[in-house]
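The block underneath contains the structure these notes are about, expressed in structure tokens.
The values are calculated or read from the model by the stated rules, or taken from the named source; none is laboratory data. Bear in mind that the values here come from a model prediction, so they are computed numbers and not experimental data. In this analysis, Cβ positions are derived from the backbone assuming ideal geometry, glycine residues included, and neighbour counts consider all displayed protein chains. The accessibility values were calculated without ligands, DNA or RNA, using every heavy atom of the protein model including side chains. Shrake-Rupley method; radii C 1.70, N 1.55, O 1.52, S 1.80 Å.
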Amino acid sequence: MSEGEGKGVETPAEGGRPADLLVEAFRQGTPGAFDAIVGAHQDRVYAFCARMLSDREEALDVAQEVFLSAWRNLASFRGEAALSTWLLRIAANRCLNRIWQRKSAAGREAPWPDAGADGDGPEFQPPAGDRHRPDRIAENRETGAILSNALGRLDPGSRWLVLLSDVEGFSYEELAAMAEMPVGTVKSRLHRARMALRRMLAPVV
């Protein structure tokens, strides 16, 4: 995955759909346009993959696959959704395929790692103004480990909906379009997933 933003192309924020400018620049063959797209979105795509797959190396591989797929298909991107939404939809599909392949090969999904043990597992970082205090750091790491383990116990189909809804902030309507299912079905599945998380977290939170 490229880490540069590309020479000759500025990377605007995505408010008001300026990412369309980068897409158009890429289509016109502007040098550095795709590097700028990658630079603007790689952290978000990788974080999503890490939370879905519970494996940093595998998440990096899948994130690279996401941008390779985007490079191959960006000419057909119609702009009906934000570029970030399109990329995360590709990421969700790729992650689900990896999980199903993993289950097929091993007979079960690999366990979610203990994010609090040595810092190697993917973590949630709850926002806090004084998060740099030693006691807050320990508290946040413990909370991150608890949330990560609970999330990893959800079935993959519910996990990605929770991540895109509660972490990425997608609306029910956006999720319904991404999942190609009715809004009511999305709401129902998210409700069941949130209740399951609440039951798992109840003894420790």
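Restricting the calculation to alpha carbons of region 17-59 gives Rg and Dmax of 13.2, 38 angstrom.
For region 25-37, 3J(HN,Hα) computed residue by residue from phi via the Karplus equation (6.51, -1.76, 1.60; θ = phi - 60°) reads 4, 5, 5, 8, x, 5, x, x, 5, 6, 4, 5, 4 Hz, glycine and proline entered as x.
Give me the net charge for the shell around A179: Cβ to Cβ below 12 angstrom, other residues only, Lys and Arg +1, Asp and Glu -1. Before the final figure, lay out each step's value.
Numbers: positive: R89, K187, R189; negative: E173, E174, E180.
So the surrounding residues net to 0.
For the pair Y172 and R44, a Förster radius of 25 Å applied to the C-beta separation gives a FRET efficiency near 0.80, rounded to the nearest 0.05. Figure note: E24, E65 ranked by solvent-accessible area, largest first, 1.4 Å probe, ligands and nucleic acids not counted: E24, E65. Gyration tensor over the Cα atoms of region 23-91: the corresponding equivalent ellipsoid has semi-axes (square roots of 5 times the eigenvalues, largest first) of 22, 12, 9 Å.
Shown here for region 149-204: trypsin sites (Lys or Arg not before Pro) in loop regions (DSSP other than H, G, I, E, B) with at most 16 other Cβ atoms within 10 Å, namely R153. Inter-label distance, R199 to T185: 2.3 nm, where each label sits 7 Å from its Cα along the C-beta direction. Normalised size of region 152-193, defined as Cα radius of gyration per 2.2 N^0.38 Å with N residues, equals 1.01. Extension gain for S76 to N97 (0.36 nm times residue separation, less C-alpha to C-alpha distance): 5.3 nm.
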